[in-house]
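The values are calculated or read from the model by the stated rules, or taken from the named source; none is laboratory data. Keep in mind that what you see is a predicted model, and the values were worked out from it rather than measured. Cβ placement follows ideal geometry from the backbone for every residue including glycine, while neighbour counts extend to all protein chains displayed.
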Amino acid sequence: MLYKFLLILISFIIILACSNEVESVTSVEPKVEPNFSEKPSPKAKLKERIKEIKITESKSIYDLENEYDTSNRLIELGWNKPTEKSPEFAMTDDLSLAALNSVVEGVSIGTEYLGNYGPLKVFIIGSDIDEAKIVAKEFCEWARKDNIEYCINKDQGIEIVEMAIYEGNNGFAQHSRHLEPPNQSFVMGNPDKSAVKIAIHEYVHIYQNAHIVDGWWNDKEDYVGLPRWLEEGSAEILARYLVGDYADYLRESLNIAKYFKRDNPNISIRNLENEEDLRILEKKDCLGGHCVGTLQYETGAVATALLINQTSMDYFYKEYIPKIAYLGGEKAFETSFNITINEFHQIFDSFLDLSVEEMMSFLDKYQE
Ligand SMILES: [Zn+2]
């Protein structure tokens, strides 16, 4: 009896096993029904995603200004509004009138497009060290009048004298919001054939920072204003556009940004938004260039160009940037471009995988 029972049990198990097998075999067979819906290619998908970046119908800067009702010292002092005061220029005696004129020309091209912000003083440094010390003191008395000695002996005063020693033709901007009254300045060394472009670039920083007003819109510590890649990228893109060099600079930047990404696949402009990553990157040299420098200038310029291409030059500089004063950096970005900064990073990462020609033909506005 037990033997018969076992036999039945074993055959039952075998049938069960066989049936399982048969079933599993049929399930692997392809379904006969054809599927006509084609999957979009990655490029088509990317184009759809890029279309998400667009001019929004959010409140205009005009509406925001009229609704403003919170007390903010800088807004009340007119920091984010054009000023009647003309920019002033101080220059070391060893430089020529032509040097001065090229910087004046850059500032006037910048103010013509963006408006006149300040009050602004511009300091131009040649290669005479004693002369540079005199202008460095003048800079400190204007921009750091709360701490003149420290400025001369330990801070920007030293940087200015070094411009003369190394005959550098770099520039830097200073935004002295905390002073009474607040003021702005930038310093340029040894003007050369790029002086007009560099002066516009520095002036764009003056304009950007006129719309950054102490983070009163929220109490978060991680205040962004403009992300670093967008601050530098948009300063350089506008400078190149206004001197008629937009298309060439864009192509050059696309090449550099694309190959930088290929050689350093784990590093992106995203890393510039995080203090910890930034400190590591500052000490590092990436393949194909200096990490932070390449990311914030060339890659930042391509990222800026994508935002401008999907909206417009005027919208980017005259609607989005002024909104930062009223909405803060993150919200101004989101309400202006219809996507968050994070979503932008995802789209931009895939964008850089296109070929240089594809990117160039995609970014077709303003290239003529
Ligand atoms: Zn800059």
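Can you find a residue that is closer than 18 Å to Glu236 by Cα and within 15 Å of the ligand (Cβ to nearest atom) anywhere in the stretch 148-169? Checking the stretch 148-169: at least one residue is closer than 18 Å to Glu236 by Cα and within 15 Å of the ligand (Cβ to nearest atom). Among the residues of the stretch 170-202, the ones that are within 12 Å of the ligand (Cβ to nearest atom), crowded, with 22+ Cβ neighbours inside 10 Å and assigned to a helix (DSSP H, G or I) come to 5 in all.
In this entry, Ile267 is excluded by the filter for residues that are within 20 Å of Val204 (Cβ to Cβ) and of a type in the set (Val, Ile, Thr).
The residue of the stretch 109-140 that is surrounded by the most Cβ atoms within 10 Å (Cβ to Cβ), among those that are of a type in the set (Gly, Ala, Ser) and not in a helix (DSSP H, G or I), is Gly118.
Of all residues in the stretch 204-221, those that are away from the ligand (no atom under 15 Å from the Cβ) have Cβ atoms under 7 Å from Cβ atoms of residues that are at pLDDT 55 or above and of a type in the set (D, E, K, R), 6 or more apart or on another chain, in Asp214/Arg177. No other residue among Glu236, Glu232, Glu276, Glu298 is more than 15 Å from the ligand (Cβ to nearest atom) and of a type in the set (Asp, Glu) apart from Glu276. The criterion of at least 2 residues that are farther than 30 Å from Asp69 by Cα is met by the following helices (runs of 4 or more DSSP H) wholly inside the stretch 263-362: 275-282, 291-294, 300-310, 341-351, 356-362. With respect to the conditions (1) more than 28 Å from Gly110 (Cα to Cα); (2) modelled with pLDDT of 95 or more, Pro322 lacks only one, and its number is (1).
Residue count for the stretch 328-364 satisfying the condition of being closer than 21 Å to Leu238 by Cβ and surrounded by 14 or more Cβ atoms within 10 Å (Cβ to Cβ): 13. Could you tell me whether any residue of the stretch 311-321 is touching a Phe, Trp or Tyr at 6+ places or on another chain (Cβ under 7 Å) and closer than 15 Å to Phe351 by Cβ? Scanning the stretch 311-321, I find no residue that is touching a Phe, Trp or Tyr at 6+ places or on another chain (Cβ under 7 Å) and closer than 15 Å to Phe351 by Cβ, so the answer is no. Among the residues of the stretch 336-359, those identified as over 20 Å from Ser41 (Cβ atoms) and touching a Lys or Arg at 6+ places or on another chain (Cβ under 7 Å) are Ser336, Asn338, His345.
If you check Lys318, Lys331, Lys258, which single one turns out to be in contact (Cβ under 8 Å) with a residue 60 or more places away in the chain, over 30 Å from Pro82 (Cβ atoms) and not aromatic (Phe, Trp, Tyr)? Answer to the selection: Lys258.
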